[in-house]
Amino acid sequence: MKFALRSMLAALALASSASLALAAEPAPHNVVLFVADGLRALAVTRETAPAMAALGSAGVWFKNSHSLFPTFTMPNGSALATGHYFGDTGVFGNTIYTGFPVPAAAQSVTPFLESDAVLGDVDEHFAGNFLDEETLLAAAHRAGFSSAAVGKLGPVAIQAESEPRNSAERIIVIDDQTGRKGGMPLDAALLAELQAAGLSGEAPTRGDNGKAGNAQTPGTATANVEQQRYFVAAVTKVLLPRFKAAGKPFVLVFWSRDPDGTQHNQGDSLGKLVPGINGPTSLAAIRNADANLAAIMAALQALGLDRTTDVVVTADHGFSTISKQSRTSPAAKLAYADVTPGQLPPGFVAIDLAQALELPLFDPDAKNAAVDYASGKHPSRANGLLGADPGAPELVVAANGGSDLVYLPAANARELAPRVVDALLAQDYVSGLFVDDSLGDIPGTLPLSAINLKGSALTPLPAIVVNFRSQATGCKTPVLCTAAVADTGLQQGQGMHGSFSRADTYNFMAATGPDFRRRFIDRAPASNVDIGMTLAAILQLDVAPKGKLVGRVLREAMPGGKRPKVVAKTRVSAAGSHGLRTKLKYQAVGATKYFDAAGFAGRSVGLDAK
Ligand SMILES: [Zn+2]
């Protein structure tokens with residue numbers, strides 16, 4: 001009896017405090033996070049992307065926006081998902097060295113992470129959640145919100161990464177692999193709703209948009225229209241009506257592969273730096289993403305959800321046109337069957353380091369076969385294992401595009417690191433090196449901690465992050481016509497990102513809705529890691545961070561928010577060989593850092609500008 005009374009009193013107290021809390025704090029609004037993959041900030045105008053420009057004008061337009069370096073999709077996807085920098089999430093690239101053979105990646109130790117099955121394997125190896133942080137979507141789901149992630153394979157799945165795969169009531173994930181081998185299963189009720197709306201339970205492929213071409217054949221001339229039409233229909237015809245009917249707040253992440261996939265694969269400019277990613281096919285991809293956003297906004301309005309829903313639009317990164325030029329690279333002087341003579345082959349970093357360090361080279365993506373580069377072979381996916389034993393390599397190159405990751409997993413890392421740095425400083429395609437702090441202060445380089453890459457990550461930490469050179473090809477706005485060296489199977493004239501130029505760090509960002517100011521241009525720095533934190537604040541989510549590398553809530557963009565104090569800073573390393581110094585240009589709001597550009601003077605677009 002005594003016990004019962006006490007619990008009754010406790011229940012009463014709880015009820016009254018809950019009603020007080022309700023009175024003080026209205027129920028959270030809904031959130032739609034729309035990610036236009038690879039959309040450059042300045043590529044959005046009223047002509048090129050009317051819906052996005054209108055959203056930015058009506059709400060908050062973040063004019064000082066930032067992708068995080070390395071400027072790739074999966075890393076930035078992890079920042080959006082968790083509000084943590086990559087030093088905590090451990091997603092250092094789209095391709096990372098995992099330290100174990102990944103079954104779903106044909107036993108490669110350098111898997112490409114944009115795969116549901118690969119992510120599942122990596123999770124299993126690292127205690128069920130390789131990010132080691134709860135995602136925003138999972139926290140919202142736990143709090144009883146409706147939640148879904150729809151669109152591009154990889155960054156969509158990572159939004160639900162911290163949820164066990166076999167849980168009965170999982171976050172809804174619809175991506176390229178839906179209904180296909182290795183994809184996340186749909187529950188029966190949702191499948192029936194899709195079919196009732198005239199949609200297949202199997203996502204369409206990219207079709208012609210997926211064709212990258214080769215050194216002789218141009219890539220695609222088609223944007224990713226059909227596949228994305230399916231994803232948009234799933235959102236507008238099924239998920240939003242379902243969320244409305246559920247009567248709970250909801251969070252939806254929509255990840256548009258366009259313009260990224262099209263800018264990579266476009267065949268507008270084979271071999272030539274101009275027009276590069278500014279040709280008609282890339283412009284059609286920007287229009288496609290814009291039309292997708294417009295359709296989702298229209299559905300919110302038609303369902304009467306527009307006034308209670310915040311819509312945040314961001315891009316994971318900017319973009320550049322690929323250059324394959326180098327005067328210094330030994331790899332570029334060899335002949336390959338599938339590479340234009342004189343140009344950098346895929347895997348040039350691995351080949352050049354193998355020669356400089358006199359180590360045998362093996363291909364992790366071809367069952368660790370030896371790579372006989374002197375006879376015109378290059379690593380199949382640009383990654384490489386260096387050392388006598390590919391099963392226990394001294395050096396691993398995880399190739400990514402506009403920057404590469406170098407790992408030194410053996411006991412000789414401290415001895416090897418300065419030699420690797422020296423070999424890289426001799427190459428004209430390098431523009432900036434970042435080295436694991438624990439390997440010592442190596443002249444010419446800055447530490448990983450300077451760019452928030454050293455934190456609580458579970459995955460192996462790269463020893464050296466290698467940024468590649470970029471230059472403007474001649475236009476009024478250099479970030480819109482930047483060409484960057486890239487370690488990729490794609491051709492010169494196609495598109496890539498991943499570098500530390502402002503062209504790749506400058507992403508489009510805007511927001512509108514009840515929690516954002518109206519007609520406000522935000523000139524304070526903002527980044528993808530801030531978006532995760534800001535959405536958690538808007539949704540009143542209770543997330544317990546493990547790592548310390550977090551973004552800030554963008555209060556100035558909210559009603560009544562104050563403009564923060566911003567400090568512009570530069571950090572420069574000691575001079576290494578050839579007199580090269582890694583320079584880092586960044587801004588700070590309190591303890592939060594925003595990395596604009598980095599590299600060697602004259603070799604990174606945006607680094608020397610005021
Ligand atoms: Zn991309």
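The values are calculated or read from the model by the stated rules, or taken from the named source; none is laboratory data. Being a predicted model, the structure only gives us computed values, none of them experimental. Cβ coordinates were reconstructed from backbone atoms using ideal geometry, including for glycine residues, and neighbour counts include every protein chain displayed. Just the protein is used for accessible areas: all its heavy atoms, side chains included, with ligands, DNA and RNA removed. Shrake-Rupley method; radii C 1.70, N 1.55, O 1.52, S 1.80 Å.
What ranking do 54-65, 207-218, 150-161 get when scored by the average of other Cβ atoms within 10 Å per residue, highest first?
150-161, 54-65, 207-218
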Figure the gain on full extension for residue 609 and residue 307 (residue separation times 0.36 nm, minus the Cα-Cα span) and round it to one decimal in nm. 104.6 nm
Report the full-extension gain for the segment residue 542 to residue 327: residue separation times 0.36 nm, less the Cα-Cα distance, to one decimal in nm. 72.1 nm
Where does each of 232-240, 368-376, 481-489 land if you order them by average Cβ count within 10 Å, highest first? 481-489, 232-240, 368-376
Pop out the carbon and sulfur fraction of the accessible area of region 77-206 as a percent, whole number, probe 1.4 Å. 54
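Which FRET efficiency value, to the nearest 0.05, is calculated for residue 475 and residue 189 with the Förster distance at 35 angstrom and r the Cβ-Cβ distance?
Efficiency for this residue pair is about 0.10.
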Can you give me the distance in nm between label points at residue 571 and residue 244, each placed 7 Å from the Cα along the Cα-to-Cβ direction? 4.9
Tell me the per residue accessible area of the chain using a 1.4 Å probe; a whole number in Å² is fine. 37
At a 1.4 Å probe radius, carbon and sulfur cover how many percent of the accessible area of region 246-356? 58
Treating cross-link reach as a plain straight distance, find the aspartates and glutamates whose alpha-carbon is under 19 Å from the alpha-carbon of residue 324, omitting any fewer than eight places away in the same chain. 268, 338, 352, 404, 428, 487, 504
Using only alpha carbons, build the gyration tensor for region 520-610 and give me the equivalent ellipsoid semi-axes, biggest first, whole Å. 32, 16, 10
Run down the aspartates and glutamates and flag those whose C-alpha is under 12 Å from the C-alpha of residue 562, throwing out any fewer than 8 positions away in its chain. 522
Net charge of neighbours whose Cβ lies under 12 Å from the Cβ of residue 201, counting Lys and Arg as +1 and Asp and Glu as -1: -2
What does the charge count around residue 453 come to, taking other residues whose C-beta lies under 11 Å from its C-beta (Lys +1, Arg +1, Asp -1, Glu -1)? -2
In nanometres, what is the gap between the two model label sites at residue 340 and residue 601, each 7 Å from Cα along Cα-to-Cβ? 3.2
Taking 0.36 nm per residue of separation between residue 27 and residue 42 and subtracting their Cα-Cα distance, the length gained on full extension comes to 1.8 nm
Over the chain, what is the percentage of antiparallel beta bridges among all DSSP beta bridges, to the nearest 5? 60
Net charge dipole size for region 322-496 [Lys, Arg +1 and Asp, Glu -1 on Cβ; Debye, nearest 20]: 540
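Summing Lys, Arg as +1 and Asp, Glu as -1, what charge do residues with Cβ under 14 Å from the Cβ of residue 401 carry, residue 401 excluded?
That works out to -4.
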With n ≥ 4 as the cut-off for DSSP H runs, can you work out [θ] at 222 nm for the chain, using -39500 (n - 2.57) per run divided by the number of residues, rounded to the nearest 500? -7500 deg cm²/dmol
Cβ-based charge dipole, region 322-496, positive-most Cα from 361, 407, 496: 496
Per-peptide average of other Cβ atoms within 10 Å, ordering 518-524, 472-478, 247-253 highest first: 247-253, 518-524, 472-478
Where only alpha carbons of the chain are counted, the Rg and the Dmax (Å): 23.8, 88
With charges set only on the Cβ (+1 for Lys and Arg, -1 for Asp and Glu), what does the dipole of the chain come to about its Cα centre, in debye to the nearest 20? 2020
My understanding is that a pair violates if its Cα-Cα distance is over 21 Å; which of 63/476; 63/272; 152/237; 152/244 do that in this structure? 63/272; 152/244
Where the accessible area of region 442-510 is counted over protein heavy atoms with a 1.4 Å probe, how much of it, in %, is carbon and sulfur? 55
